[in-house]
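Chemist: First the structure, then my questions, so here it is.
The values are calculated or read from the model by the stated rules, or taken from the named source; none is laboratory data. Not measured: the values here are computed from a predicted model. Cβ sites come from the backbone with ideal geometry, for glycine too, and all protein chains shown count toward neighbours. Accessible surface areas use protein heavy atoms only, side chains included; no ligands, DNA or RNA. Shrake-Rupley method; radii C 1.70, N 1.55, O 1.52, S 1.80 Å.
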Amino acid sequence: MAIQEVTTAEAFRAVISQHQVVVIFFTVGPWGRVRTRIMTFLEGLSEDSNYSGVTFVFANTKDYPNVATEAGIQEAPMFVTYKNGRTYDQLLRVDEVQLLTLIHETMEA
């Protein structure tokens, strides 16, 4: 499954309300090594059957500040997980191991 990009507040609300578990990577600015690494990592997870119940999304807070405002995001990059339309938890660092832990905790909640 491809990673979806959210570009409007309406799309943000729709994605978190229509999917049970959502992981959003809030990023800022142009593509760089870290963003490319994380997007490749998320793409791999999105294709892994162990994560078939998880929807992976990214939002560029610089290009689409309305999404950041709607989500209450004041810092980027960061990850936020949503469960059943509500914020579950967040991770303020780019760390694949901690991100996997966060995803598993959200799935099991």
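Chemist: Hey, in the GNM for the chain with a 10 angstrom Cα cutoff, which one of A11, A68, A59 fluctuates hardest?
Modeler: Ranking A11, A68, A59 by mean-square fluctuation puts A11 first.
Chemist: D63 versus T101, label points 7 Å from Cα toward the beta carbon: distance in nm?
Modeler: About 3.2 nm separates the two model spin labels.
Chemist: Take the solvent-accessible surface of the protein heavy atoms, probe 1.4 Å, and return the percent of it on the chain that carbon and sulfur atoms account for.
Modeler: Roughly 48 percent, rounded to a whole number.
Chemist: To check my understanding: the extent here is largest minus smallest coordinate of the Cα atoms along each principal axis. What are those three numbers for the chain, in Å, largest first?
Modeler: In descending order, the Cα extents are 32, 30, 23 Å.
Chemist: Moving on to the next point. List the trypsin sites (Lys or Arg not before Pro) in the stretch 1-96 that DSSP assigns to loop (not H, G, I, E or B) and whose Cβ has at most 15 other Cβ atoms within 10 Å. Which are they?
Modeler: K62, R93
Chemist: Contour minus end-to-end for Q20 and Q74, with contour as 0.36 nm per residue of separation and end-to-end as the Cα-Cα distance?
Modeler: Additional length available on full extension: 17.0 nm.
Chemist: Here is a follow-up. Divide by every residue of the chain the summed helix terms, -39500 (n - 2.57) for each DSSP H run of at least 4, and state the resulting mean residue ellipticity at 222 nm, rounded to the nearest 500 deg cm²/dmol.
Modeler: The helix contribution divided over the chain gives -12000 deg cm²/dmol.
Chemist: Still on this structure, I have one more. Can you tell me how much longer the chain between R13 and W31 gets when fully stretched, taken as 0.36 nm per residue apart minus their C-alpha distance, in nm with one decimal? All intermediate terms of the calculation are to be shown ahead of the outcome.
Modeler: Values: separation 18, 0.36 × 18 = 6.48 nm, distance 2.49 nm.
4.0 nm is the gain from fully extending R13 to W31.
Chemist: If we count GluC sites (Glu not before Pro) as exposed when they sit in a DSSP loop and have at most 14 other beta carbons within 10 Å, what is the longest stretch of the chain that avoids them all?
Modeler: My reading of the result: 1-46 is the longest stretch.
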